[in-house]
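The structure under discussion is supplied below as structure tokens; questions concerning it will follow.
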Amino acid sequence: MIVELVEKSRLPAIYGYREFVEAGGLLAYAADLGEQGRRLADDVHEILNGAKPGDIPIYQSTRFSLVANLKAAKAIGLTLPPALLASADELIE
């Protein structure tokens, strides 16, 4: 539903998911979903092997992904700093 809103309004903003940037949002900065998925699989494996869920430490992401939409930035007259562009994991043109 939010993706459809972004597509209709082309509202540039910062989002937590890459899909919103693909739909016209400006930036996405979020934890790496692949890393979270692997960690979740490890936790499930431990539980299936007898570990108590309360004994499994809480995991905090250490890898994050930055995606920038250059077309959205241009549409609102915004020039993204070169340092931000250099650190982006993906640029959508």
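Looking at segment 43-84, which of the residues that are among the acidic types (Asp, Glu) and surrounded by 11 or more Cβ atoms within 10 Å (Cβ to Cβ) is farthest from the chain's Cα centre (by Cα)?
Only one residue fits best here, namely 46.
Continuing with the same structure: List every residue pair whose Cβ atoms lie under 8 Å apart, where the two residues are 6 or more positions apart in sequence or sit on different chains, the first residue falls within segment 5-22 and is closer than 14 Å to residue 92 by Cβ and among the aromatic types (Phe, Trp, Tyr), and the second residue, located anywhere, is modelled with pLDDT under 90 and in a helix (DSSP H, G or I).
15/6; 20/2; 20/3; 20/6
Identify all residues within segment 22-40 that are out of contact with any strand residue (DSSP E or B) (no Cβ under 8 Å at 6 or more places or on another chain) and surrounded by 19 or more Cβ atoms within 10 Å (Cβ to Cβ); write none if there are none.
Result: 23, single match.
The values are calculated or read from the model by the stated rules, or taken from the named source; none is laboratory data. Note that the structure is a prediction, hence the values are computed from the model and not measured. Positions of Cβ are backbone-derived with ideal geometry, glycine not excepted, and every protein chain shown enters the neighbour counts.
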